[in-house]
Amino acid sequence: MERPAWAPQGIDISVPSVSRMYDFYLGGSHNFEVDREAARKAMEFLPGLPKIMQANRAFMRRAVRHAVDSGIDQFLDIGSGIPTFGNVHEVAQAADAGAKVAYVDHDPVAVAHSQAVLEGDDRAVIAAADLRSPKEILANPEITGLLDLDRPVALLLVAVLHFIEDADEPYAAVAELREALAPGSLLVLTHASYEGIPLPKEEAAGTVGVYKNIRNPLIMRSHEEIGRFFEGYEMVEPGLVSMPEWRPDTLQSPEQEDPYAFSGFGGVGRKA
């Protein structure tokens, strides 16, 4: 397989990547046939996966605009993935030209491509780090050099926590990040769940099996389990809901959305 120029040396391009599969669902071009093959297998069980990802991105954009409207001009996006149109820095800086965004990902492809996209933007950086090591994130010089963690920050954990197994203590990692943020900070989070999927759980579980087979387990948590990530934060109205139901744009009401868009949950919490 020929290695394209954007693929960093040292990564195995014969193994599917969650980041590149996500890029494929969104119609991006930074993926290989091995990623497309795995994504197509997942879509055999859950054909609405692209619609779920689109709803996820739309929620993220609305949440970022809400953060800016709330006076926040700093964003920490962990598990940011491969940049696609309408990224956090684009949305935030369109609303506030002074907004600063620190991206974090542990996928070398996501980091390398982010570096290329962000070149020349002194208000956005990418750091190579892992959500499972919050201390490293909070001490990363790329992040601390851009963001002032003594001021409110919007922490984005969008479509990432469902790839963290319970054995890796995701609740403890998120708690450490929550506690490190200044009062007035926001936690923006989306998470996969069997709840809301317009298919029997037994059918949807086939997609979970595909991710398990590529050694990236997809952990489907309940509404209650997802809500635990917000402990100590006050939920912003309308709370933890399906993504189209969170402050929908007036251009399209939730009733007009594809049924698959209601799979999983999204929410925003505020630190008092």
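Close amide H pairs (under 5 Å, H built 1.01 Å from N) link Gln74 with Lys100, Ala154, residues at least 5 positions away or on another chain. Excluding same-chain neighbours fewer than eight residues apart, the lysines reachable from Lys135 by a Cα-Cα span under 22 Å are Lys100, Lys271. Would you list, by chain and number, the lysines whose Cα falls below 20 Å from the Cα of Lys51, excluding same-chain residues fewer than 8 positions away? Leaving aside lysines fewer than 8 places away in the same chain, those within reach of Lys51 are Lys41, Lys201.
Given a 1.4 angstrom probe, I'd like the percentage of the accessible area of the chain that is carbon and sulfur, rounded to a whole number.
On the way: 6110 of 12190 Å².
Carbon and sulfur together cover 50 percent of it.
The length gained on full extension between Ser14 and Met43, counted as 0.36 nm times the residue separation minus their Cα-Cα distance, comes to 8.4 nm. Placing unit charges on the Cβ atoms only, positive for Lys and Arg and negative for Asp and Glu, gives the range 172-245 a dipole magnitude near 380 debye about its Cα centre. When you count the other C-beta atoms within 10 angstrom of each residue and take the mean per peptide, 78-88, 120-130 line up highest first as 78-88, 120-130.
Taking the Cα centre of the chain as reference, the dipole from Cβ charges on Lys and Arg (+1) and Asp and Glu (-1) amounts to some 180 debye.
Projecting the Cα positions of Met43, Pro183, Ala102 onto the charge dipole of the chain (unit charges on Cβ atoms of Lys, Arg, Asp and Glu, taken about the Cα centre) puts Met43 furthest along the positive direction.
The values are calculated or read from the model by the stated rules, or taken from the named source; none is laboratory data. None of these values were measured; they are calculated from a predicted model. Because the Cβ atoms are built from the backbone with ideal geometry, glycine has one as well, and the counts that use them run over all protein chains shown. Ligands, DNA and RNA are stripped out before the accessible areas are found, and what is left, the full protein with its side chains, is counted by its heavy atoms. Shrake-Rupley method; radii C 1.70, N 1.55, O 1.52, S 1.80 Å.
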